[in-house]
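J.: Here it is, the structure, as structure tokens.
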Amino acid sequence: MTRETPRDVIIVGGGVIGCAIARELSRYRLDVLLIEKECEVGFGTSKSNSGIIHAGHHASTDTLKGRLEWDGNQAWDQIADELGFGFQRVGELMVAFDDSQLGTLEKIKAQGEGKGVPDLEIWEPERIRKEEPSLSTDIIAALHAPTAGVVNPYEACFGLIDNARENGVAIVVETTVESVAADDDGAIVLGTSRGRHAARFVINAAGVHADRIAALAGVGSFRITPRKGEEYLLDKRLKGLVKRIIFPCPTPTSKGILVIPTFDGTIMVGPTAHETEDRSDLTTTMAGGDEVFASVKRVVPGVSERDCIAEFAGLRAAAKGEDFIIGPTDLKGFVNVAGIQSPGLTAAPAIARMVTDILHDEGLGLVPDDGFVPTVTHPIRVASLPLEEQIGLAGHDPRFGHVVCRCEHITEGEVIDSIQRGAQTLDGIKFRTRAGMGRCQGGFCSWRCMELIAQEKGVPLTSVTKRGGGSWIICEREDGGGR
Amino acid sequence: MITGRPARIRTRYDVAVVGGGPAGMAAALGARESGAESILVIDREREAGGILWQCIHSGFGLHHFKEELTGPEYAQRYLEEMLEAGVDLLTDSFVADIDRDRRLKVMTGARGVHVVEAGAVALAMGARERTRGAIRIPGTRPSGVMTAGLAQKIVNMHGYLPGRRAVILGSGDIGLIMARRLTLEGVEVMGVFEIMPHANGLNRNIVQCLHDFDIPLYLSTTVAEIHGRDRVEKVTVAPVDENFRPILGKAWDIDCDTLLLSIGLIPENELSRQLNLSIDQVTGGPVVDSRMETSKSGVFAGGNVVHIHDLVDFVSQESLLAGRGAGAYLSGGRPPPDNIRVIPGENVAYCVPHSIASERPHTIYMRVRRPLEKCLIRFGEVLEKKLSYVFPAEMVSLKVRPELLEKFHGDALKVDILPRA
Amino acid sequence: MAQEPISHYLCIGCPLGCRLEVDEGPGGDIVEVRGWACKRGDRYARQEHTDPRRMVTTTVRLSGGMWARLPVKTSVPVPKGRIGEVCLQLREVTVPAPVRTGDVVVKNVLGLEADIVATRDAA
């Protein structure tokens, strides 16, 4: 597909960073395309993220990530409100077991106060016991930061891209970039697995593959070393075990293994932090699980492996130097947004604004689009509605009275809505609606979800996948005895 | 044909039964027997009958109907009996909520959301299958990892196959049965792997589902890792040490596109938790008295929601009691409460019911922790009986007649299963 | 003279799973059955050794019903060695709804003197 005129901007990568940039650019009168290699946005590192909006005090202002962290933090209330995904400032506690760690808490507190992070407080054991009774009694102090929050990172991606698309951004999925070249007219031409695309500006937001994309462009001056994090999700029964995100004292390369009360009310424990050479290595390991549970039990003794309902792994796109790499390159119009590891999710809104400023500095005209609509129609969440509204809604459209996922009480209406919003796969439905995310892990609802995808998209059941590519779920009998 | 579909969903029923599988159908019949006039059964599937419809093999009904039936035949008979008894049946419907006053929020799909008040409730939600997350198998997360029960439904009702080349983890009966089903439908089954040193299913199934088709069974062996990015490509299997950890030095790989899990069932107790019922930590189900009443007055439970059974006949028996209890709760014709607690002792993991009454006959169900041959069961000081064998996979039942308890004046009896001296 | 063959069976009578051994005489007759703990084992070994038979339960294609498949069984057990053939034969069969439990779907399948019957109603 070659277009006569190059677009204004192509964003390579539909993780939370690419999606946030797409949405930010959709405020202006621009022709923008986002290219994603997976079948849906957010299906790489973003969906495996811990889902924490960091309080703002963790990283030093000597670093770019330290500066963008607090700016980003403050933007989330409005974005969540506009795009209708869950976000809650639950607060965090960083716990200390001995005096040396107490020193670290003091240092991080001072660092945060220097940045203007409000209401940081060191709690004594009595206060900890009162607020978080499940924590180990060996904890001698904790740094409380009320500005920390939790968000479902995939929902954030969907909200951002849905809004960007409504405001005119184009998107292609299951498409990989294979070449980058400047043409004679000063545009950059991307050769992809599905044809050529050209633009005056290209944003490299390719996550763990960003160094490769930069190398294709001839500006490969950095290397991404993926750092794998394994996460373990616990049964909903443990809801309320902790009210805040619980951090151990950090080490130079990691924030440590956390206990996270997710936005959905489940408890998640993790992540590990181990470098890997393999950029597709999303395996969980026996050693990783042991490490997570051993570490977490020290902080919250009530956590047990037996409560685990699911596990997964993600790859942090860490660059040498441990900082973000954001800026123009020697190839005119090619902008790197790379090395986005923690607190990348937190910083995403600030990164998107920074990239917009860079594009402007590089010569992209930014004319506000008067037709920009900052909100999307919020998805209906039947389970969270009051009874009268449920009765009214189901009376009007029975599909909202028909429960498909019985662990999370998701209705057929919500599943169909998610398909109409762009869910292509079982994972797409799961991450948009939570159907299949509960304790039975899709045992009951996946068949109905497959039928609904087949029905809405007019495809046979055998072509429905878990997450695109070769992730087929069922096959035909030799005699074709199904429907 | 009677469908049981009510012309109008009432706002109040004498008895509401949550779940229309074997437990729910028996509970509805029990409620009718003991005098309940209006009975509502709510089931989330397209038809009542539960898992029986997909269990197309035979081996059901030997105790209850005194003949060997297939699952569908057992369901068909029960369903007809229930519908002829004149109960209201809501299918494709889901109880999202029960409150303290026994008001049920029922989401019925086509017929909207209703609040139904019940004089008494029988919980019959059954069980769900344990999934990959529960046993933490390392590796990637491709498609093609599926519980055996879901695969059974896909093959036997929907008419598709879960893959072309399968490995089965867990030697429970569903896993064994699926090994045969898949083979007969043209799927290559590479083997059944069991982490325990003994099989979890019936010998009959080991012979007729595995030996008949030359499918190997590997004991003390587990799946140590799953490979494949999009779809399962292979699994690594390995023998386990005495702590059930895989010995990776002895591992080998098997090419396959499907891994079926038959690793156990868990009572489905979301609603029981909402009602804040006392839960037995061993069974994972509610604590019940001898009439199958839970810790909340007017709420009864029976079948797999209380504890996992190996035979549907016992599910029916136990749930009939639960239904009778629910029906009698309304009429006020309730027998005196239980006076003796039943306590699991040596080599007994749990007992159901958790208490009995000395003036009535009872059947106490239990599971042992360890297999024993030539052993005896001792019920406090009132009863001692020889057993030729016990296995964890086979439920033990103990019948207690009131005569035995005439001279007993305590408030608790312990059950031990011991080697014979 | 060659040693007479010993055949091994796992008893299905109860969870004990006795390992049964059947000694065959020169004429193919059963000389001795060993390994059983009760008489059921002895009976089972003799039947299994001379004429092993199985009830076959499987499904056939159903058209116009709530589900895609109809569960069926053989009316009587068939020789164990013919199970696969029976299932292959049934791939050719489509049954239109409605069906009643006990309806004969295929008469005298493969000449084995067993009918294939529906095990549920299907509307």
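J.: Select from region C:39-123 those GluC sites (Glu not before Pro) which occupy a DSSP coil region and have at most 12 other Cβ atoms within 10 Å, ordered by residue number. Write out the running numbers ahead of the final one.
T.: Numbers: sites: C:48, C:85, C:92, C:113; in loops: C:92, C:113.
Qualifying residues, ordered by number: C:92, C:113.
J.: I've got another one for you. Can I get the semi-axes of chain B's equivalent ellipsoid? Compute them from the C-alpha gyration tensor as square roots of 5 times the eigenvalues, in angstrom, largest first.
T.: Values: eigenvalues 267, 166, 67 Å².
Listed largest to smallest, the semi-axes of chain B are 37, 29, 18 Å.
J.: Using Cα-Cα distances under 8 Å and only pairs 6 or more residues apart, what relative contact order does region C:57-118 have, in percent?
T.: Working: 97 pairs, mean separation 23.6, N = 62.
Averaging sequence separation for qualifying contacts and normalising by length gives 38 percent for region C:57-118.
J.: With a 1.4 Å probe, what is the total accessible area buried between chains B and C, in Å² rounded to the nearest 100? Before the final figure, lay out the partial values.
T.: Working: alone 19520 and 7900 Å², together 24580 Å².
The buried area between B and C, both sides summed, comes to about 2800 Å².
J.: Could you check what % of the DSSP bridge pairs in chain B are antiparallel, to the nearest 5? Present the calculation step by step, with values, prior to reporting the outcome.
T.: Details: 50 of 86 bridges.
Percentage antiparallel, nearest 5: 60.
J.: Using the heavy atoms of the protein chains alone and a 1.4 angstrom probe, what is the accessible area of the protein assembly as shown per residue in square angstrom?
T.: Values: 40000 Å² over 1027 residues.
Averaged over the residues of the protein assembly as shown, the accessible area is 39 Å².
J.: If you don't mind, another one. Name the lysines eligible as straight-distance cross-link partners of residue A:243: C-alpha to C-alpha under 23 Å, and not fewer than 8 places from it in the same chain.
T.: By straight Cα distance, residue A:243 reaches A:47, A:109, A:130, A:255, A:297.
J.: Still on this structure, I have one more. How about region B:238-328: which GluC sites (Glu not before Pro) there lie in a loop by DSSP and see at most 10 other Cβ atoms within 10 Å?
T.: Numbers: sites: B:242, B:268, B:270, B:293, B:318; in loops: B:242, B:268.
Those satisfying the criteria are B:242.
J.: Residues of region B:20-47 with accessible area at least 40 Å² lower in the all-protein-chain context than alone (1.4 Å probe)?
T.: B:44, B:46, B:47
J.: Another question, then. With the contact rule set at Cα under 8 Å and sequence spacing of 6 or more, what percent relative contact order holds for region B:14-70? Before the final figure, lay out the partial values.
T.: Values: 68 pairs, mean separation 18.7, N = 57.
The value is 33 percent.
J.: Related question: Given springs between every Cα pair under 10 Å in a Gaussian network model of chain B, which of B:48, B:118, B:134 has the largest fluctuation?
T.: Highest fluctuation of the listed residues: B:134.
J.: Any idea what the relative contact order of chain B is, in percent, if you count C-alpha pairs under 8 Å spaced at least 6 apart?
T.: Working: 1042 pairs, mean separation 66.9, N = 421.
Here the relative contact order equals 16 percent.
J.: Scan chain A and report its longest stretch carrying no GluC sites (Glu not before Pro) that are both in a DSSP loop and have at most 10 other Cβ atoms within 10 Å.
T.: Details: sites that count: A:4, A:277.
Longest site-free region, per DSSP loop and neighbour criteria: A:5-276.
J.: What Cys residues in chain C are without a partner cysteine, judged by a Cβ distance under 4.7 Å?
T.: Result for chain C is C:14, C:38, C:87, no neighbouring Cys Cβ within the cutoff.
J.: May I pose another question? Decide, for chain A, between rounded, prolate and oblate: order the square roots of the alpha carbon gyration tensor eigenvalues as a ≥ b ≥ c, take rounded if a/c falls under 1.5, and otherwise choose prolate if a/b is larger than b/c, else oblate. Numbers along the way, then the final one.
T.: Working: a/c = 1.61, a/b = 1.10, b/c = 1.45.
The shape class here is oblate.
J.: Right, another one. Counting only trypsin sites (Lys or Arg not before Pro) that are in a DSSP loop and have at most 12 other C-beta atoms within 10 Å, tell me the longest site-free stretch of chain C.
T.: Values: sites that count: C:100, C:107.
Value returned for the longest uninterrupted segment is C:1-99.
J.: Now a separate question. What percent antiparallel are the DSSP beta bridges of the protein assembly as shown, to the nearest 5? Before the final figure, lay out the partial values.
T.: On the way: 124 of 181 bridges.
Once the DSSP bridges in the protein assembly as shown are tallied, antiparallel ones form about 70 percent.
J.: Mind checking region A:369-449 for chymotrypsin sites (Phe, Trp or Tyr not before Pro) that DSSP puts in a loop (not H, G, I, E or B) and that have at most 16 other Cβ atoms within 10 Å? Show your work: numbers first, answer last.
T.: Values: sites: A:372, A:400, A:431, A:444, A:447; in loops: A:372, A:444.
Listed in order of number, the matching sites are A:372.
J.: Can you tell me how region A:443-483 classifies by the Cα gyration tensor, rounded, prolate or oblate, using a/c under 1.5 as the rounded cut? Intermediate results must be reported in sequence, preceding the final value.
T.: On the way: a/c = 1.41, a/b = 1.27, b/c = 1.12.
Because its axes are fairly even, with a/c under 1.5, region A:443-483 counts as rounded.
J.: Now a separate question. Note down the net charge around residue A:50, summing +1 for each Lys or Arg and -1 for each Asp or Glu among other residues with Cβ under 12 Å from its Cβ. Can you show the working numbers first?
T.: On the way: positive: A:47, A:255, A:316; negative: A:92, A:230, A:231.
Taking every other residue near residue A:50 into account, the sum is 0.
J.: Same structure, new question: Can you classify region B:268-333 as rounded, prolate or oblate using the Cα gyration tensor, where a ≥ b ≥ c are the square roots of its eigenvalues, rounded means a/c under 1.5, and otherwise it's prolate if a/b beats b/c and oblate if not? The partial results should precede the final answer.
T.: Values: a/c = 2.25, a/b = 1.13, b/c = 1.98.
Taking the square roots of the gyration eigenvalues as a ≥ b ≥ c, region B:268-333 is oblate.
J.: In whole percent, how big is the carbon plus sulfur part of the accessible area of the protein assembly as shown, probe 1.4 Å, protein atoms only? Each step should come with its number before you reach the end.
T.: Values: 20090 of 40000 Å².
Carbon and sulfur atoms account for 50 percent of the accessible area of the protein assembly as shown.
J.: Cross-link candidates for residue B:105: which lysines have Cα within less than 19 Å, leaving aside residues fewer than 8 places away along the same chain?
T.: Filter leaves B:296.
J.: Another one. With solvent modelled as a 1.4 Å probe, how much accessible area in total do chains B and A shield from it at their shared surface, in Å² to the nearest 100? The partial results should precede the final answer.
T.: Values: alone 19520 and 20600 Å², together 35380 Å².
What B and A bury together is about 4700 Å².
The values are calculated or read from the model by the stated rules, or taken from the named source; none is laboratory data. Because the structure is a prediction, the values reported are computed rather than measured. For neighbour counting, all protein chains shown are included, and Cβ atoms are generated from backbone atoms with ideal geometry for every residue, glycine included. In case anyone asks, the SASA skips ligands and DNA or RNA and just uses the protein heavy atoms, side chains included. Shrake-Rupley method; radii C 1.70, N 1.55, O 1.52, S 1.80 Å.
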